[in-house]
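S.K.: The structure under discussion is supplied below as structure tokens; questions concerning it will follow.
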Amino acid sequence: NLAVSKCETPYFIILDAHCRFYTKDWLDKAIKIIEENDNCIYCCCVQYFNNEEDHQDSKHTKAYGAFFDYNINNVISAKWNTIKLSDEPFEVPSIMGANYICSKRYWNYLGGYNGLRLYGREEEFISLKSWLGGGSVKCIPYIQTGHKGRTK
């Protein structure tokens, strides 16, 4: 929330330090999409990897947002959606992958992460706030990022 409050542009991206963009012209593409609908939180296609080699190798999982997995041990948890549902931005239940694009206006309307009580569930939390607030959550499949995971 602090970073978004310091943002001087109408749109922002939250990108974890262990992530990177693979799509060269991602910014122009992202701005075009968000200008069409800024009542939405967007995530990008994520190629998940956990090594230092060939990050874009096809053996690494590609994810397009997430779905909710409800179970007795973990009341609400997002799991990677590995199915590309469209070549154009499409709705997903939850953002995932540490790369979120949103308008500052919409973020403030939702109250950002205000109310979050447990670290590590911010993706599910802000996604639910968007759906309940009358907006949507979408994946932009043609903007690809890399997400380095932890090694065991």
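The values are calculated or read from the model by the stated rules, or taken from the named source; none is laboratory data. Not measured: the values here are computed from a predicted model. Please note: Cβ atoms are built from the backbone with ideal geometry, for glycine as well, and neighbour counts cover all protein chains shown. Surface accessibility is based on the protein's heavy atoms, side chains included, excluding ligands, DNA and RNA. Shrake-Rupley method; radii C 1.70, N 1.55, O 1.52, S 1.80 Å.
S.K.: Exactly one of these conditions fails for Cys7: (1) within 24 Å of Lys148 (Cα to Cα); (2) open to solvent by less than 50 Å² (accessible area, probe 1.4 Å). Give me its number.
M.R.: Result: Cys7 fails condition (1) only.
S.K.: Something else: Scan (1) open to solvent by less than 20 Å² (accessible area, probe 1.4 Å); (2) assigned to a loop (DSSP other than H, G, I, E, B); (3) β-branched (Val, Ile, Thr) for the single condition Val46 breaks and write down its number.
M.R.: Answer for Val46: the failing condition is (2).
S.K.: If you don't mind, another one. Which residue pairs have Cβ atoms under 7 Å apart, sit 6 or more places apart or on different chains, and have a first residue in the stretch 88-99 that is in contact (Cβ under 8 Å) with a residue 40 or more places away in the chain and open to solvent by 10 Å² or more (accessible area, probe 1.4 Å) and a second that is in a loop (DSSP other than H, G, I, E, B) and of a type outside the set (D, E, K, R)?
M.R.: Met96/Gly65
S.K.: Give the residue that is least open to solvent (accessible area, probe 1.4 Å), with candidates limited to residues of the stretch 111-125 that are touching a residue at least 60 places away in the same chain (Cβ under 8 Å) and in contact with a helix residue (DSSP H, G or I) (Cβ under 7 Å, 6 or more places away or on another chain).
M.R.: Here the answer is Gly112.
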